[in-house]
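Structure first, commentary second.
What follows is calculated from the coordinates using simple rules that are stated; it is not laboratory data. Fair warning: this is a prediction, and the values are worked out from it, not measured in the lab. Note that each Cβ is placed from the backbone with ideal geometry, even for glycine, and that neighbours are counted across all protein chains shown.
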Amino acid sequence: MKTAIIFATKHGTTAQIAQMLADQLGSSGQTTLINLCIDTDPSIGEYDRIILGTPVYAGKPLKSMSRFCSKNLAALLSKPLYLFAGGMEVTNERQAGELLSAFAPELHSHASGAWFLGGAFNLEKMSFMERFIVKRISKTTQSVTAIKQRAIRQMADNLNK
Ligand SMILES: Cc1cc2nc3c(=O)[nH]c(=O)nc-3n(C[C@H](O)[C@H](O)[C@H](O)COP(=O)(O)O)c2cc1C
């Protein structure tokens, strides 16, 4: 079974999450990590199942992910599909909302599951404007990691079934 984890990232946390997920997938198949910020137009024909992951910024997925999904919609709807979103929202309701806004409704309807896997605020990697927004909205004064290890485990367990 060939699995592709196709993700977008701006500051590296979603790449970290994708790697953690890959590490927990069973060894019976082969898992390939594809970073859309490096490989912007990957071909997915050879994969048996696809995992898509994007962080949410201001309630939206990264452009590289929405562009990839629009371009490959038919192919994505023809394969087993799993979704995850990253972000720093705290409540279950808001996390569910971010997950919904990260991917088109057709992808959600087709997917076997969708998970919110948390994220991190890396103040030292942010632009001045990002730091300003994050400090104002979340009142964060230092970098903080809130990757949801348990949710990654649950997603991996679901994929390993
Ligand atoms: C300017 C800015 C806006 C953000 N907006 C949201 C948001 O709307 N919802 C959310 O859950 N997280 C939000 N976040 C948190 C990011 O999704 C989080 O930092 C994520 O882990 C970043 O992933 P990356 O390092 O892969 O780019 C925001 C972060 C920044 C810097």
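Rounded to the nearest whole Hz, the Karplus-based 3J(HN,Hα) values (6.51 cos²θ - 1.76 cosθ + 1.60, θ = phi - 60°) of segment 55-65 follow the sequence x, 9, 10, 6, x, 10, x, 5, 4, 4, 6, with x at glycine and proline.
Charges were assigned to the Cβ only: +1 to each Lys and Arg, -1 to each Asp and Glu. The resulting dipole of the chain about its Cα centre is roughly 400 debye. When each of the peptides 51-61, 134-144, 94-104 is scored by how many other beta carbons lie within 10 Å of its residues on average, the order from highest to lowest is 51-61, 94-104, 134-144. Over segment 1-138, the alpha carbon radius of gyration divided by the compact-protein estimate 2.2 N^0.38 Å works out to 1.03. In this structure, the amide hydrogen of Trp115, modeled 1.01 Å from its nitrogen in the peptide plane, lies closer than 5 angstrom to those of Leu83, Phe84, Ala85, counting only residues at least 5 positions away or on a different chain. Looking at segment 75-161 alone, DSSP beta bridges between its own residues are antiparallel in about 50 percent of cases.
The phi torsions of segment 132-139, fed into the Karplus equation with coefficients 6.51, -1.76 and 1.60 and a -60° offset, translate into couplings of 4, 5, 4, 5, 6, 6, 9, 6 Hz, rounded to whole numbers, with Gly and Pro shown as x. Spacing of the modelled spin labels on Leu123 and Leu33, each 7 Å from Cα toward Cβ, amounts to 2.7 nm. Note on Lys10: aspartates and glutamates with a C-alpha under 18 Å away, same-chain residues under 8 apart excluded, are Asp39, Asp41, Glu89, Glu98, Glu124, Glu130. For q values of 0.30 Å⁻¹, compute log₁₀ I(q)/I(0) with the Debye formula on a Cα-only model of segment 111-161, without solvent. Here the Debye-derived log intensity ratios amount to -1.10. The DSSP beta bridges internal to the chain are antiparallel in roughly 20% of cases.
Over segment 56-130, calculate the relative contact order: mean separation of alpha carbon pairs under 8 Å at least 6 apart, over the residue count, as a percent. Across segment 56-130, relative contact order equals 38 percent. Among Met126, Ile137, Gln16, pick out the residue whose Cα is farthest towards the positive end of the charge dipole of the chain, where Lys and Arg carry +1 and Asp and Glu carry -1 on C-beta, about the Cα centre. Final value for the positive-end residue is Ile137.
Given a Förster radius of 25 Å and the C-beta distance between Arg150 and Ser101 as r, what FRET efficiency does 1/(1 + (r/R0)^6) yield to the nearest 0.05?
Details: r = 23 Å, r/R0 = 0.92.
Efficiency, from the Cβ-Cβ distance: 0.60.
Axis of helix 13-24 versus longest Cα principal axis of the chain: the two differ by about 40°, to the nearest ten degrees.
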